[in-house]
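Below: the structure, in C-alpha cells.
Each reported figure results from applying straightforward, stated rules to the coordinates on display, with no laboratory input. Treat the numbers as computed from the prediction; the structure is a model and nothing was measured. Cβ placement follows ideal geometry from the backbone for every residue including glycine, while neighbour counts extend to all protein chains displayed.
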Amino acid sequence: MNKNFIYPLLIVIGSSSYGILSTIIKVAMGRSFETNEAVTSQYVIGFLLAFLLFIITQRTLPKLTGKGFLIIMISGLLTGNTGIVYGQAVHYLPASLAVVMLFQFTWIGLFLDCIIHRRRPTRIELLSLVFLVAGTILAAGILDADLSGLDIRGWLFGFASALSFACFMQFNSKPVEGVSKIGRMTIMAFFAMLIVCIFQTPEIIINGKLFASELLYFGLALGFFGIILPILLFTISVPKVGGGVASILSATELPVAIIASVIVLHEKLTMLQVGGIILVLFGMVLPTILQKNSTK
C-alpha cells in the first residue's frame, strides 16, 4: 500500500474506534452503571492493557528529555479530560448528538493548527470544512428534531470535549525522541487514568466493583477502543500528517457513532441523516483526493 495512504488510514481507523464509545457508555448506563463509573473503567483498564503490552514488547525504559516528557504528559491529561467531559455530554444528550458535539473538534483543530503554525487555512481545508459542517448539521438530525428539552449542560460538556480533543490532536502531533510508540501510549494512558481517577469514581477500584461485576467487560471494551487502539494509531500517524489534516480525517468518528447508535440503541435514522453522513465522508476524503491529483 502507498505510504501516503497508510497514515491517513490509521487515523480513520483510530477515530472510528472513538465513534462507538458513546454507544458502549449508553449500554452501560442501561445496565445500571453510572456514567462516571463507565469512564473510570475505560481509563483504568486502558492503562492496565497498555502497561501489559509495554511489559510484553519492550526491553528498555524510555529515555525522555524534559520537553518530550511534558508533551506526552499533557497529551495524556488532555485524553483523560476529554473522556471526563465527553462522558458527561453522553449523560445529558442522546449518543448520536453527543458525538456531534465532540465532532466540532474538526474545525477547532484546523484553526488551532493554523494559529500554532502561523498559517492560513488552505482552500482545500476550508472546502472540506464546508462539507463537514453541512454534513454534521444533517447527520445530527437537528433540522427535524425538537432540541428544546435537552439540558444545556450537555451542550457545554460536548463543546468542552471538542476543544479538549482538538488540543490533544495538536500535542500528539509533536514527535518525541527517546520513546517507542507503545512506551508513549503507556505514559499517556497513565496520566489519562490519573486525572480521571481524581475527578471521577476511583472507589470502584478500592471496593472491587470494577473487577467483580459486569463493569469489567465494559471497561475492557472502552479501554481497548478508547485508549489502546486510537492512541497507538494516532501516535503513529498524526506526526506524519499533521494536526490539521488529522482533525479532518477524524471526521469518520461521526458516521460510525451514528450507525452504532442506530444498530445498538435503536435511535432513529432519517434520510437527511444518511445524506449528512455521505457529506461528512466526502469532506473527509476530499483533501486526500485533491492533494493526490495535484501531485500528478
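Given Cα pairs under 8 Å that are at least 6 residues apart, what percent is the relative contact order of the chain?
42 percent
Loop only per DSSP, at most 12 neighbouring Cβ atoms within 10 Å: give me the GluC sites (Glu not before Pro) in the stretch 176-252, ordered by residue number.
Counting only loop positions with at most 12 other Cβ atoms within 10 Å, the GluC sites (Glu not before Pro) in the stretch 176-252 are Glu177, Glu214.
Given charges of +1 on the Cβ of Lys and Arg and -1 on the Cβ of Asp and Glu, with all other atoms neutral, how large is the dipole of the stretch 11-294 about its Cα centre, in debye to the nearest 20?
1040 debye
Return the aspartates and glutamates within reach of Lys26: Cα separation strictly under 13 angstrom, same-chain partners fewer than 8 residues apart disregarded; answer none if there are no such residues.
Glu34, Glu37, Glu267
With springs connecting C-alpha atoms under 10 Å apart, model the chain as a Gaussian network and identify which of Ile152, Ile263, Ile116 has the largest mean-square fluctuation.
Ile116
Kindly give Rg over Rh for the chain, based on alpha-carbon atoms, with the Kirkwood expression for the hydrodynamic radius.
That ratio equals 0.96.
Check the straight Cα-Cα distances from Lys63 and name the aspartates and glutamates below 19 Å, setting aside those fewer than 8 residues away within the same chain.
Filter leaves Glu177.
Between Lys26, Lys268, Lys240, which gets the highest mean-square fluctuation from a Gaussian network model of the chain, Cα cutoff 10 Å?
In the Gaussian network model the winner is Lys268.
Considering only Phe168, Phe282, Phe157, give the residue with the highest GNM mean-square fluctuation for the chain, with springs between Cα atoms whenever their separation is below 10 Å.
Phe282
Quick check: residue separation of Arg153 and Leu53 times 0.36 nm, minus the Cα distance between them. What number comes out in nm?
32.3 nm
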